[in-house]
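Structure, as structure tokens:
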Amino acid sequence: MIQPAANRKKLAGRRSIFAFLLHPYFLDAIIGLITFGLIFAMALDVISPERYELKAGDIPTEPIAAPRDVEDVRATQERIEQARQQVNDIYTFNHSITAAVIAETEEIFDGMEKVRDEADKKLQEWKRQQAEQIQKEAAQLEQENNNITDTDVESSDTESPGTENTNPHGEAGTETDESEVGEPDFNELYDPVFLRRMQHYFPVQLSNDDIRSIIQADQSDLNQLRQQLIETLQQMMNAGIKQEQLVEFKANLRDIIQGMTIPNELKLLGTNIGVPRLKANLLYDPEKTLMEKNKAAEAVEKVIYKKGQYIVQAGQPVTESQIAMLSELGLLKDYKLDIPLIIGAALAVLLSIGIGIVYLVFFEKDLLYKPRLVLMMCVILILVAGLTYAAGLFNPYLIPSSMAGVLLAVLINTRIGTVINIVMALLAGLLTGLHIGPVAMTMVGGAIGISMLKKIQQRNSLIWAGIGIAGGNFLAITAFELLTQSGWLGPLSSSVWGILAGVITGILTIGTLPIWENVFDVVTPIKLVELANPNNELLKRLLMEAPGTYHHSIIVANLAESAADAIGANGLLARVGAYYHDIGKLERPYFFKENQISVGNPHDELDPELSTNIIISHVTDGLKLAKKYKVPDIIQKFITEHHGTTPVVYFFHKAKNKNGIMARLEDFRYPGPSPQSKETAIVMLADTAEAAVRAMPEHTPEKVEALIRKLFREKLEDGQFDNCDLTLREMNTIAAAFTAVFSGIFHERVKYPNVDLKKERTAVE
């Protein structure tokens, strides 16, 4: 039944989600996050300080020291406010105001001159008009007199002829001098209309009285007022006047004017002119003031309590400021989350673990495709971190922190062990309360221990590694403590704990190594050596039940190890894999030629197809036996891959020639897979070469090498090495290594003569 398109799409979506969830990278990420979370929790618990239940006014029974530097914010703020208050307001001298005041005063006095000129002109005009009026009146009077005189002459001759008429206002004649005119009434002459008209000569409004005083003043007095007033204003303005000082300066100006030697009218005039002109020219500058206050605030030294300094003293009331500091440090039970501490701890753990992550991504990327090994690494890291956390509560140097690097050096490789040792060293500093000594101890001790495990093949090597770690711990702790302490007793006593930590590390490593090997199916060099032991139950069965196969496996192992070492592969792994590659022949040993010593060949009576199935089945049979005897997966790969997908050529030809039936080569191939690693590929070549060379009639080095290279070429052309990274250069090296081994096996021997020992002994007697 064909599924609807919607169902197929839904099913495909589910499969994609499932594939994503099972992707190695996703699993690695989940494992990494869990590892980070657990180690972060331990680190945060260690570095988080003890908390107290206190409030302002309480009297503690014990002093409380700062776990890290902390600022007394309130005390600092008080200092800042004091510093800001001590900064005086900044005033800016405005010269333009000074110039404007002087200029305006000068303009007023200039206006006075113009007013006085106008007043003088008006006075002269009045005098002229008065003189003309007098002359007019005199002329009229003279005319009247003349008229009277003519009448009198006609009637009487009493007056002497030639007598001149006299002007009552002057000398004889009709002309009158203006100087003879009297003084006018001032208020009438300079009436309000005239005074209003004079206002336009001044830049400011003056009273009529002030203008009258200006007109009436003596010029010298007016000049004195002008000089002294302007000089006084200049001096005051140059001294600088703030707005709040203006009243005081105006009062001083009045006093100065009153002290002048001028008429009172001019003193009043000077006061009316000068006092209103006086202005503040020192102006408050808020921006500069704020800037200076800020500078003063920034220069204030913060009130800091250093790490270890007592914030609260025993027997003294706790202040609000101290409560604030305790809260900031997270030392109160009802405190808010110490965000900086949490972020710092998270970053420290992340950076430490990040070193290992970066190394894996750039240098061991293949390992990321094996979540099982990643899980093992993280479990070991968590376990050792937990042991370090627990032991650090007793003594910071009694920590088996080097255990992680040593274990992974054995379980995976020394490179990863070294990197993880660095990671664990940094974590040791966090998990022991931010101590530097454990970091140095783990770095040195772990490095020495790992360097002693490069050629490990026995579990006893771990004991020597533990001794090396103890020695490294001793040296590192002694050096560090001597730099930070005085005397010898303290450093030496601390070093004893480091030695004990090294011994514990060795013991724990030896004790837990089999657990890691079995749980995570990891084959270590030690495990390989144990598997290679002839007393191994499966190998003993192979020796007893299939001796031909056993000896074949021994030769293949020698060939494989020699070749693997020659190209830089894992020779020990190749040897052990060769030991077990044919264990499936235990199920039917006599169906294989090497075990047919005293019996006939049962395949002579069987069909080629059946014989082929029996031969091929030794792979599946071997896999069943390996699982039964708990042989590691990596060794099982040698069982399944040592034949790859090669055909059983002998029975193929036999079937092909039987009754003219056309046989298919594909029906006679091993199920595979083809070799996935250099080691399994080498065992395939060694297995093929051993069987072929053994069947040769003549074993000269030249012929052996020629045959080996022919076999290699056939395997290569058949595509058996498509899935491994074996190169042609390496295959040439393998061929040379095989030839050398075969030369040792098939070397010429001395032919001994046949001697009848019994006959020779009788002849002697």
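The values are calculated or read from the model by the stated rules, or taken from the named source; none is laboratory data. Keep in mind the model is a prediction, meaning the values are calculated, not measured. Note that we place each Cβ from the backbone using ideal geometry, even for glycine, and neighbour counts take in every protein chain shown.
Search segment 275-286 for residues that are under 16 Å from GLY240 (Cβ atoms) and of a type in the set (D, E, K, R) and pair each with any residue that is at pLDDT below 90 and assigned to a loop (DSSP other than H, G, I, E, B) when their beta-carbon atoms are under 7 Å apart and the residues are at least 6 apart or on different chains.
Note: pairs meeting the criteria are ASP285/ILE90.
Looking only at segment 708-728, which residues are part of a helix (DSSP H, G or I) and touching a helix residue (DSSP H, G or I) at 6+ places or on another chain (Cβ under 6 Å)?
ILE708, ARG709, LEU711, PHE712
Just checking, how many residues over segment 578-632 are hydroxyl-bearing (Ser, Thr, Tyr), over 20 Å from PRO675 (Cα atoms) and under 60 Å from the mean Cα position of the chain (by Cα)?
Looking only at segment 578-632, we keep the residues that are hydroxyl-bearing (Ser, Thr, Tyr), and these are 579-580, 590, 598, 611-612, 617, 620, 629.
Then keep just the ones that are over 20 Å from PRO675 (Cα atoms); that gives 590, 598, 611-612, 629.
Then drop every residue that is not under 60 Å from the mean Cα position of the chain (by Cα), which leaves 629.
Total satisfying the criteria: 1.
Quick one: which helices (runs of 4 or more DSSP H) sit completely within segment 302-414 and have at least 2 residues that are in contact with a helix residue (DSSP H, G or I) (Cβ under 7 Å, 6 or more places away or on another chain) and within 21 Å of PRO49 (Cα to Cα)?
Correct list: 320-328, 339-363, 371-392.
All but one of (1) of a type in the set (A, V, I, L, M, F, W, C); (2) at pLDDT 90 or above; (3) within 26 Å of THR92 (Cβ to Cβ) hold for LEU282, so report the exception by its number.
Exception for LEU282: condition (2).
Could you please tell me which pairs satisfy a Cβ distance under 6 Å, a separation of 6+ or placement on different chains, a first residue in segment 348-376 that is among the hydroxyl-bearing types (Ser, Thr, Tyr), and a second residue that is modelled with pLDDT of 90 or more?
If the second residue must be modelled with pLDDT of 90 or more, the pairs left are SER352/VAL423; SER352/LEU426; SER352/LEU427; TYR359/VAL419.
Being among the β-branched types (Val, Ile, Thr) and modelled with pLDDT under 60 is the filter; apply it to segment 720-765 and report the residue that is farthest from ALA691 (Cα to Cα). It would help to see each step written out before you state the result.
To start, the set of residues in segment 720-765 that are among the β-branched types (Val, Ile, Thr) comprises 727, 733-734, 739, 741, 745, 750, 755, 762, 764.
Restricting the remaining residues to those that are modelled with pLDDT under 60 gives 750, 755, 764.
Numbers: VAL750: 25, VAL755: 35, VAL764: 48 Å.
Top of the filtered list is VAL764.
Among the helices (runs of 4 or more DSSP H) confined wholly to segment 435-539, which include 3 or more residues that are closer than 30 Å to TYR579 by Cβ, outside the structural domain of ALA574 (by TED's automatic domain parsing) and more than 37 Å from the chain's Cα centre (by Cα)?
460-484, 489-519, 525-531
Residues in segment 489-501: is at least one of a type outside the set (Asp, Glu), crowded, with 21+ Cβ neighbours inside 10 Å, modelled with pLDDT of 85 or more and touching a Ser or Thr at 6+ places or on another chain (Cβ under 7 Å)?
yes
Whether any residue in segment 416-424 is touching a Ser or Thr at 6+ places or on another chain (Cβ under 6 Å), hydrophobic (A, V, I, L, M, F, W, C) and touching a residue at least 60 places away in the same chain (Cβ under 8 Å) is what I want to check. Talk me through it step by step, then tell me what you get.
Taking segment 416-424 first, the residues touching a Ser or Thr at 6+ places or on another chain (Cβ under 6 Å) are 423-424.
Going one step further and asking which of them are hydrophobic (A, V, I, L, M, F, W, C), we end up with 423-424.
Remaining after also requiring touching a residue at least 60 places away in the same chain (Cβ under 8 Å): 423.
The answer is yes; a qualifying residue exists.
Go through (1) aliphatic (A, V, I, L, M); (2) farther than 30 Å from ALA564 by Cα; (3) at pLDDT 75 or above and name the single condition MET662 misses.
The one condition MET662 does not meet is (3).
Any residue that is within 30 Å of GLN227 (Cβ to Cβ), among the charged types (D, E, K, R) and modelled with pLDDT of 85 or more - is there at least one of those in segment 121-138?
Scanning segment 121-138, I find at least one residue that is within 30 Å of GLN227 (Cβ to Cβ), among the charged types (D, E, K, R) and modelled with pLDDT of 85 or more, so the answer is yes.
Just need a number here: residues in segment 573-622 that are in a loop (DSSP other than H, G, I, E, B), free of Cβ contacts under 8 Å to residues at least 60 places away in the same chain and of a type outside the set (Asp, Glu).
Adding up the residues that qualify gives 9.
Within 55 Å of the chain's Cα centre (by Cα) and more than 15 Å from ILE108 (Cα to Cα): does that describe ALA251?
Taking the combined requirement at face value, the residue does not satisfy it.
Taking ILE555 and the conditions (1) at pLDDT below 90; (2) part of a helix (DSSP H, G or I); (3) within 30 Å of LYS593 (Cα to Cα), which numbered condition does it fall short on, given that it satisfies the others?
All conditions are met except number (1).
Looking at ILE639, ILE597, ILE615, can you tell me which residue is surrounded by fewer than 16 Cβ atoms within 10 Å (Cβ to Cβ) and either outside the structural domain of ARG709 (by TED's automatic domain parsing) or touching a helix residue (DSSP H, G or I) at 6+ places or on another chain (Cβ under 8 Å) (or both)?
None of the others qualify; the one that does is ILE597.
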